[in-house]
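**Q** Please read through the structure below; I'll follow up with questions.
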Amino acid sequence: MVEDTGGTLPSSSTGNPLSDIGRPVLPETVTTARLELRLISAEEAAGMLAGRRKPDWHPDYPRQDDLDGVSMVRADVTAAERSWGSRHVVRTFDGLVCGSIGFFGPPEAAGDGTAEVEVGYGLVADARGHGAATEALQGLLVEADRAGVRVRASVEPDNRASVRVLAKCGFTELRGSDEEGNLVMARPLPDRR
């Protein structure tokens, strides 16, 4: 279930190869059965990087990976670009932020011309092993599919839990490894017939 249906905004000329066709906009909040994926604002990202905490955050949040993700959040981007950024993973049963998920920027044209983004995600240890990472990723994939955007991910080969999450979510295309030795996997777009 999604709170907002998103849409497409006219693009700005930022040099993105997709700028001439408009940019898909994802909802501010994506809601799944047990989670809310709330977009992190530039102000909130700056607070996180400065060490400010909120009472509805799990005691172990943010992790270093979460901080790395929010370091990419910028204030000087369009709403469409911002919608493809980092999000808090919020458990609805207790309201705690227990991790983050998001794309590393708006879609860009891949080598075959298909719009593509890279996704990253992570949870505090207490939230792992209950299907939350899979559910959060599936929630964002619904929106990427709706926008016609293919998704890829890079994962450390020995991170078996994350490789399983990607496999459960349909990341079947193995592209080899990146310069850091991570596996690069992609999820084909669903057939739109």
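**Q** Rounded to the nearest 500, what is the chain's calculated 222 nm mean residue ellipticity when only DSSP H runs of at least 4 contribute -39500 (n - 2.57) each, over all residues? Walk me through the intermediate numbers first.
**A** Details: 5 runs with 44 residues, N = 193.
The helix-only estimate for the chain comes to -6500 deg cm²/dmol at 222 nm.
**Q** Another question, then. Taking Cα pairs under 8 Å and at least six residues apart, what relative contact order does the stretch 106-191 come out at, in percent? Spell out each step's value before the answer.
**A** Working: 115 pairs, mean separation 23.1, N = 86.
The value is 27 percent.
**Q** Specify whether the C-alpha gyration tensor of the stretch 45-193 places it in the rounded, prolate or oblate class, a ≥ b ≥ c being the square roots of the eigenvalues: rounded for a/c under 1.5, otherwise prolate if a/b is larger than b/c and oblate if not. Present the calculation step by step, with values, prior to reporting the outcome.
**A** Details: a/c = 1.63, a/b = 1.35, b/c = 1.21.
Prolate shape, in that a/c is at least 1.5 and a/b is the bigger ratio.
**Q** At what distance in angstrom do the alpha carbon centres of the stretch 25-65 and the stretch 151-186 lie from each other?
**A** That distance is 24 Å.
**Q** Could I ask something else about it? Using a Gaussian network model of the chain whose springs link C-alpha atoms within less than 10 Å, name the residue from Pro62, Pro107, Pro157 with the highest mean-square fluctuation.
**A** Pro157
**Q** What accessible area per residue comes out for the stretch 77-193, rounded to a whole number of Å², with a 1.4 Å probe? Kindly include the intermediate steps, with their values, before the conclusion.
**A** Working: 5450 Å² over 117 residues.
For the stretch 77-193, the per-residue accessible area is 47 Å².
**Q** Relative contact order of the stretch 31-136: what whole-number percent is it, with Cα pairs under 8 angstrom and at least 6 residues apart?
**A** Numbers: 176 pairs, mean separation 30.6, N = 106.
With pairs under 8 Å counted, the relative contact order is 29 percent.
**Q** Mean separation of Cα pairs under 8 Å and 6+ residues apart, divided by the residue count of the chain: what relative contact order is that in percent? Let's see the in-between values first.
**A** Values: 366 pairs, mean separation 31.8, N = 193.
Rounded, it is 16 percent for the chain.
The values are calculated or read from the model by the stated rules, or taken from the named source; none is laboratory data. Just so it is clear, the structure is predicted and the values come from calculations on it, not from any experiment. To get the accessible areas, we keep the full protein, side chains included, count just its heavy atoms, and leave off ligands, DNA and RNA. Shrake-Rupley method; radii C 1.70, N 1.55, O 1.52, S 1.80 Å.
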